[in-house]
Amino acid sequence: MKKLLALSAAALAFSAVSASAADISACIITKTDTNPFFVKMREGANAKAEELGITLNAYAGKVDGDNETQVAAIETCIANGAKGILLTPSNTSAIVPVVQQAREAGILVIALDTPLDPIDAADMTFATDNYRAGELIGQWAAATLGDAAKDAKVAFLDLDVSQPTVGVLRDQGFMSGFGIDVKDPNKWGDEDDPRIVGHDVTQGNEEGGRKAMENLLAQDPFINVVYTINEPAAAGAYEALKSIGREGDVLIVSVDGGCPGVKNVSEGVIGATSQQYPLLMASKGIEAIHAWATKGEKPSATEGKDFFDTGVTLVTDKPAEGVPSIDSAEGAKLCWG
C-alpha cells in the first residue's frame with residue numbers, strides 16, 4: 001500500500017509539472033513603457049516567451065518612481081496565476097511586501113536591472129553589476145582629466161529622491177572610481193568632498209536631466225564633470241549645457257549603452273557610458289521562469305556575487321589608459337544586448 005501511495009504521489013507531482021509546462025503564464029513589469037531601455041527589455045522577454053510557448057503579460061509604471069501601479073500589476077499577476085514575474089522596481093523597498101505575497105503564492109520573482117532592498121526579497125536578480133558600471137565611468141573621467149581631477153566640479157544627476165538601489169550603486173560606484181570618499185555606501189548625499197557641486201534627480205528622462213542640470217548650474221556655473229544615471233538624463237544635461245555654450249568643455253558620463261546612447265558617444269554628447277544588456281537580462285529571466293514552471297528549479301547567482309551578472313562594458317571613443325573600453329562602432333553592434 002505504501003508503495004502504491006508513493007507511486008501515486010509521484011504521478012501527481014509529474015502531472016502537476018506537466019500541466020504547468022503546457023500552460024505557463026508570466027508577467028514583466030517595468031518602471032515605464034517609454035524609456036528605450038525598458039522597451040528593449042520587453043522585446044527580449046516577448047521573443048523568448050514566444051520561443052518557449054509562454055503567455056507573457058506586460059505592465060509598466062506611469063513614470064519612473066510609480067510604485068503604486070507596479071504593486072497593482074503584481075496583484076493582478078497573482079490573481080491570474082502567473083508562474084513567474086520579471087520586475088524592474090521603481091521603489092526597491094516599498095515593493096517588497098507585495099513581492100513577498102507573490103512568492104508565498106508560489107510565483108518565481110526575478111528582479112531585472114534593479115535589485116530589491118534587501119536583494120534577497122526576490123528569488124534572483126539578473127542585472128549589470130551597477131556598482132562596477134559606475135566605477136568604470138568614474139575611472140574614465142578621472143583618467144581623462146588627469147591632474148585636473150583634483151580640482152573638478154562634479155554634478156550628480158541621480159534617479160529619484162527615494163534612492164532606489166540601482167541609482168545608489170551607480171552613483172557610489174562613480175564616486176569610488178573618481179576618487180571621492182564614499183561615506184555610507186547605501187545612500188548618496190552624505191559625502192563631504194568639496195568637488196561635489198550637488199545632487200539633483202531626473203526620473204531617468206531627458207526633461208528631468210535638463211531641469212536637474214539647470215538647477216545645478218545655478219549653484220555653480222563652472223561644473224566640468226556630470227555624472228548621469230542614464231543616457232536620456234545625459235541627453236537632457238547636454239541640452240542645458242548647450243543652451244549656455246558649455247557643451248564642448250564638460251565631461252558627461254552615463255550608464256546604459258543603448259543604441260541612442262552609443263550614437264551620442266559617437267557624436268560627442270556623452271564622453272563615456274557603461275553598456276548593459278537588457279535583452280539578455282529579460283531572456284534569461286524568461287528561461288528561469290520556464291525552468292521553475294517545468295522542473296521546479298530556481299536560478300543561481302554568479303559565483304562570488306549575490307545576483308546573476310549579465311555583464312558591463314565601457315564604451316568611449318576617447319580611451320583612457322588603464323580603463324578597459326570599446327569604441328562606439330563596437331558598442332553599436334552590441335547595443336541593447
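Annotations for the structure displayed:
- Sequence ranges 41-47, 147-153, ranked by mean other-Cβ count within 10 angstrom, highest first: 41-47, 147-153
- Solvent-accessible area of the stretch 153-218 (1.4 angstrom probe, protein heavy atoms only): carbon and sulfur portion equals 46 percent.
- Looking at the chain, the pairs of alpha carbons with a distance over 30 Å make up 36% of the total.
- Selected from N130, L241, I289, residue furthest toward positive end of dipole (the chain; charges at beta carbon): I289
- Extending 7 Å from Cα along the Cβ direction at E321 and again at E297 yields two label points whose distance is 4.8 nm.
- Max mean-square fluctuation residue, GNM over the chain, Cα-Cα springs under 10 Å, options G311, G322, G138: G322
- Close amide H pairs (under 5 Å, H built 1.01 Å from N) link G84 with C27, L108, residues at least 5 positions away or on another chain.
- Here K242 and K62 are evaluated by their C-beta separation; at R0 = 25 Å the FRET efficiency comes out at 0.30.
- Around the Cα centre of the chain, unit charges on the Cβ atoms of Lys, Arg, Asp and Glu (plus for the first two, minus for the last two) sum to a dipole of about 1140 debye.
- Extension gain for D147-T34 works out to 36.7 nm (0.36 nm per residue, less the C-alpha to C-alpha distance).
- When only Cα pairs below 8 angstrom with a gap of at least 6 residues are kept, the chain shows a relative contact order of 18 percent.
- Annotation: average projected area of the stretch 76-135 is 3.9 square nanometres, based on the convex hull of Cα atoms across all directions.
- Rel. contact order, % - alpha carbon contacts under 8 angstrom, at least six apart, the stretch 123-185: 52 percent
- Highest GNM mean-square fluctuation among N215, N230, N264, for the chain modelled with Cα contacts below 10 Å: N215.
- Calculated accessible area for the stretch 183-337 comes out at 44 Å² per residue, all protein chains present (probe 1.4 Å; ligands, DNA, RNA ignored).
- Shape of the stretch 153-225, Cα gyration tensor, a/c cut at 1.5: oblate
- Between the stretch 290-323 and the stretch 199-255, the Cα center-to-center distance that results, in Å: 29 Å
- Calculated on the alpha-carbon coordinates, the convex hull of the stretch 190-337 measures out at 154 cubic angstrom per residue.
- Each of S176, G81, G261 was placed along the dipole of the chain (beta-carbon charges, centred on the mean Cα), and the one lying farthest toward the positive end is G81.
- For the pair E75 and A329, the difference between a 0.36 nm per residue extended length and the Cα-Cα distance amounts to 87.1 nm.
- Table column - 3J(HN,Hα) (Hz), the stretch 164-175, Karplus curve with 6.51, -1.76, 1.60, x for Gly and Pro: x, 3, 4, x, 5, 4, 5, 4, 5, x, 4, 4
- Over all orientations, the stretch 123-248 has a Cα convex hull whose mean projected area works out to 7.6 square nanometres.
- Summarising the amide proton neighbourhood of L314: residues at separation of 5 or more, or on other chains, whose placed amide H is nearer than 5 Å comprise Q275, I326.
- For the stretch 80-92, Karplus couplings with θ = phi - 60° (6.51, -1.76, 1.60), whole Hz, Gly/Pro x: 8, x, 4, 8, x, 10, 9, 9, 9, x, 7, 10, 6
- Ellipticity estimate at 222 nm from DSSP helix runs (n ≥ 4, -39,500 (n - 2.57)) divided over the chain, nearest 500: -14000 deg cm²/dmol
- Calculated P(r) of the stretch 251-337 - Cα pairs past 21 Å, %: 41 percent
The values are calculated or read from the model by the stated rules, or taken from the named source; none is laboratory data. It should be emphasised that the depicted structure is a prediction, and the values quoted were computed from it without experimental measurement. So basically every Cβ, Gly included, is an ideal-geometry build from the backbone, and we count neighbours across all protein chains shown. Calculation scope for accessible area: heavy atoms of the full protein, side chains included, ligands and nucleic acids excluded. Shrake-Rupley method; radii C 1.70, N 1.55, O 1.52, S 1.80 Å.
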